[in-house]
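The values are calculated or read from the model by the stated rules, or taken from the named source; none is laboratory data. Just so it is clear, the structure is predicted and the values come from calculations on it, not from any experiment. FYI the Cβ positions are ideal-geometry reconstructions off the backbone, even for glycines, and counts take in every protein chain you see. Keep in mind that these areas ignore ligands, DNA and RNA; they rest on the heavy atoms of the full protein, side chains included. Shrake-Rupley method; radii C 1.70, N 1.55, O 1.52, S 1.80 Å.
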Amino acid sequence: MSSPHVTVIGAGIVGVSAAAWLQKSGFCVTLVDSEPVGHGASFGNAGNVSPGAVVPYTLPGVLRSLPGWLLDPEGPLAVRPSALFEVLPWLFAAAKNSTAEAALKTSRAMKALHSGTYEAYDALTLGTDAAGLIERSGQLYVSEKAGGAQGSPLARVMREEAGVRVTALTELDIRDIEPALAPIFRSGMLLPDNGRCKNPHALVQAIADEAMRNGATIQRGTVDGFETNGKCVNGIVIGGKLVPVEQVVIAAGAASGKLTAKLGTRIPVTPERGYHITIEDPGVAPRIPVSHVDAKFVCSPMNMGLRLAGTAEFAGFDAPPNWKRAALLEKQAQRMFPGVKLNKVTRWAGNRPSLPDGLPVLGPAPNYDNVFFAFGNSHFGITAGPVMGKYLAEIVAGRKPGIDIAPFSPTRF
Ligand SMILES: Cc1cc2nc3c(=O)[nH]c(=O)nc-3n(C[C@H](O)[C@H](O)[C@H](O)COP(=O)(O)OP(=O)(O)OC[C@H]3O[C@@H](n4cnc5c(N)ncnc54)[C@H](O)[C@@H]3O)c2cc1C
């Protein structure tokens with residue numbers, strides 16, 4: 001008897017991880033993507049691998065900070081006027097989820113999902129080309145304000161409740177850990193159990209390559225529709241052609257909502273654009289990722305250079321990048337690392353798949369027996385991707401997933 005077959009739409013970190021875990025459960029897998037493997041958000045992120053990521057962006061006070069951020073052209077958040085109408089309901093929903101009680105619930109679900117990231121990566125990468133790309137390096141958080149690095153009292157409570165190890169740092173400690181940093185930081189925090197990925201695109205590619213060695217196929221094309229019998233999806237439409245399917249996983253990142261809507265499920269996943277610059281031969285060499293807490297960007301040493309990544313821009317899907325936001329990162333690099341050389345800089349923009357309660361969607365589709373959803377990891381997909389894949393495979397195989405998936409339900413909106 002031939003193995004059951006699953007078609008995974010989207011070959012980012014979530015899709016390729018899902019494919020690899022599905023194979024471990026005995027499924028044959030086809031990955032479908034309109035782009036080459038790993039060219040979505042998974043390409044250009046900051047590579048923070050953070051089992052201790054338990055502080056959501058939906059924190060109390062976010063609504064109060066919004067006007068200041070929006071009015072500051074150099075602030076961490078921007079909304080294009082053309083996208084305002086589309087984005088306002090999302091921002092209001094995010095603000096509604098920003099009570100202390102809701103944020104604590106989100107934090108607990110983040111812990112359940114993120115804490116297993118290293119084990120999941122070990123299982124996917126051991127003995128493959130991806131082994132060694134994840135390093136348990138620790139992460140440094142710095143602030144130009146006294147006491148700013150650890151964030152709000154609620155953020156501290158969240159880390160404490162989740163058992164995340166934290167070391168508070170003085171100005172001197174910061175310089176001991178990263179001597180390349182400018183002496184402008186007044187408080188710091190070390191999360192020794194968090195880590196980094198040395199090359200996120202190579203990681204996704206290597207997991208996909210290993211899946212192919214194990215029999216997976218990759219089909220290039222955009223899925224733009226489904227054929228259903230009302231209860232099951234019988235086929236996906238790629239470039240006008242119907243391709244028969246047995247089971248389908250939607251792991252299409254920020255574009256997932258367009259696909260779920262075609263299956264009758266509206267999910268408010270929005271493209272939250274981020275930017276990066278990668279500096280080849282920067283002339284400064286931080287050892288571990290450093291997050292600038294006030295300006296909200298991460299500075300990550302990677303195999304190909306020093307990457308600064310961050311900013312949140314709501315611009316809709318089709319608006320061209322605003323490269324001024326990437327230029328801002330160059331300015332910040334100079335402020336943070338006085339000796340930095342900006343001779344060889346590449347720029348990139350990509351869409352985080354973000355939901356207004358700060359949690360992804362993971363589980364069976366409400367209306368179809370053979371469709372499953374796995375997307376919406378916003379700022380944390382490199383951390384959560386391999387774990388999402390693991391639980392997704394358990395769900396598709398009809399087993400009880402290793403965590404309570406109720407907080408990630410597609411019907412919660
Ligand atoms: C600037 C920035 C910094 C970040 N830093 C970090 C970090 O440090 N740590 C961390 O954990 N996370 C970080 N993230 C978040 C992380 O990158 C994302 O959450 C993660 O990459 C999402 O993975 P994904 O597989 O869901 O989506 P993607 O990687 O976007 O993949 C989705 C894929 O689906 C394909 N697709 C979409 N629609 C269709 C269709 N109709 N048909 C066929 N294919 C389709 C796309 O082409 C794409 O390849 C960052 C993100 C950004 C933008």
Query raised in the report: Can you give me the Cα centroid spacing of the range 187-209 and the range 272-330 in angstrom?
Result: 15
Query raised in the report: Once the Cα atoms of helix 200-213 and of the chain are each reduced to a long axis, what angle between those two axes, in degrees from 0 to 90 to the nearest 10, is obtained?
Result: 30
Report task. For the chain, find the longest principal axis of its Cα atoms and tell me its angle to the long axis of helix 153-162, 0 to 90°, nearest 10. Result -> 50
Query raised in the report: Roughly how many Å² is the accessible area per residue of the range 328-381, as a whole number, for a 1.4 Å probe?
Result: 37
Report summary line: FRET efficiency (residue 101, residue 186; Cβ distance; R0 30 Å; to 0.05) is 0.40
**Report entry** Candidates 286, 268, 353, ranked by Gaussian network fluctuation over the chain, Cα under 10 Å, top entry
**Finding:** 286
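Semi-axes, largest first, in whole Å: what does sqrt of 5 times each Cα gyration tensor eigenvalue give for the range 286-382? Intermediate values should be presented prior to the final figure.
Values: eigenvalues 215, 48, 29 Å².
Its equivalent ellipsoid spans semi-axes of 33, 15, 12 Å.
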Requested in this report: Using a 1.4 angstrom probe on the protein heavy atoms only, line up 17, 137 by accessible area, largest first.
Outcome: 137, 17
Query raised in the report: Got a sec? Which residues in the range 1-45 would a label at residue 219 touch, if it sits 7 Å along Cα→Cβ and we count backbone N under 13 Å?
Result: 5-10, 29-34
Report task. Using a cut-off of under 13 Å, list every residue of the range 352-390 whose amide N is near the label point 7 Å from the Cα of residue 229 along the Cα-to-beta-carbon line. Result -> 369-370
**Report entry** Under Karplus coefficients 6.51, -1.76 and 1.60, residue-wise ³J(HN,Hα) of the range 170-177 in Hz, glycine/proline x
**Finding:** 8, 4, 5, 4, 4, 5, 5, 6
Report task. Return the aspartates and glutamates within reach of residue 262: Cα separation strictly under 17 angstrom, same-chain partners fewer than 8 residues apart disregarded; answer none if there are no such residues. Result -> 224, 227, 369
Query raised in the report: Under 5 Å between amide H atoms, partner at least 5 residues away or on a different chain: which partners does residue 245 have, H built in plane at 1.01 Å?
Result: 235, 236
Report summary line: Counting only DSSP beta bridges with both partners in the chain, the antiparallel fraction in percent, to the nearest 5, comes to 70
Query - Amide hydrogen neighbours beyond the local backbone of residue 29, cut-off 5 Å, H modeled - result: 6, 217
Query raised in the report: Once phi is turned into ³J(HN,Hα) by the Karplus curve 6.51 cos²θ - 1.76 cosθ + 1.60 with θ = phi - 60°, what whole-Hz value does each residue of the range 50-62 show in order, with x for glycine and proline?
Result: 10, x, x, 7, 10, 10, x, 7, 8, 9, x, x, 5
Report summary line: Note to self: with every protein chain in place and a 1.4 Å probe, the range 119-197 gives an accessible area per residue in Å² of 47
Report summary line: With Rg from the Cα atoms and Rh as the Kirkwood inverse mean 1/r over Cα pairs, the chain has an Rg/Rh of 0.96
Query raised in the report: Is the shape of the range 30-140 best called rounded, prolate or oblate, per the rule: a/c under 1.5 gives rounded, else a/b larger than b/c gives prolate, else oblate, with a ≥ b ≥ c the square roots of the Cα gyration tensor eigenvalues?
Result: prolate
Report task. Would you tally the net charge around residue 396, using a Cβ to Cβ cut-off of less than 15 Å, leaving residue 396 out, and scoring K and R as +1, D and E as -1? Result -> +1
Report summary line: A chain fully extended from residue 131 to residue 399 at 0.36 nm per residue, minus the present Cα-Cα distance, gains in nm 93.7 nm
Report summary line: Surrounding charge for residue 89, neighbours by C-beta under 12 angstrom, Lys/Arg +1, Asp/Glu -1, total +1
Query raised in the report: Expressed as a whole number of Å, what is the distance separating the alpha-carbon centroids of the range 140-175 and the range 1-65?
Result: 29
Query raised in the report: To the nearest whole percent, what portion of all C-alpha pairs in the range 131-213 is separated by more than 17 angstrom?
Result: 57
Report task. For residue 198, go through the aspartates and glutamates and keep the ones whose alpha-carbon is under 20 Å away, minus same-chain ones fewer than eight residues off. Result -> 119, 122, 129, 135, 178, 209, 210, 280, 281
Report summary line: Per-residue ellipticity at 222 nm attributable to helices in the chain (runs of n ≥ 4 DSSP H, -39500 (n - 2.57) apiece, nearest 500 deg cm²/dmol) works out to -9500 deg cm²/dmol
Query raised in the report: What aspartates and glutamates could a cross-link reach from residue 96, if we take a straight Cα to Cα line under 15 Å and drop same-chain neighbours fewer than 8 places away?
Result: 357
Query raised in the report: In the chain, carbon and sulfur make up what percent of the accessible area (probe 1.4 Å)?
Result: 55
Requested in this report: Using a Gaussian network model of the chain whose springs link C-alpha atoms within less than 10 Å, name the residue from 254, 131, 53 with the highest mean-square fluctuation.
Outcome: 131
Requested in this report: Give a residue-ordered list of calculated ³J(HN,Hα) values for the range 139-146 (Karplus: 6.51 cos²θ - 1.76 cosθ + 1.60, θ = phi - 60°; whole Hz; x for Gly, Pro).
Outcome: 9, 10, 10, 10, 9, 7, 9, 5
Query raised in the report: Relative to the first principal axis of the alpha-carbon coordinates of the chain, what is the inclination of helix 100-114, with its axis defined by its Cα atoms, in degrees from 0 to 90 and to the nearest 10?
Result: 70
**Report entry** Per residue value of the accessible surface for the range 28-67 (all protein chains in place, 1.4 Å probe), Å²
**Finding:** 35
Query raised in the report: So what does residue 222 come to for accessible area, using a 1.4 Å probe and Å² rounded to 10?
Result: 70
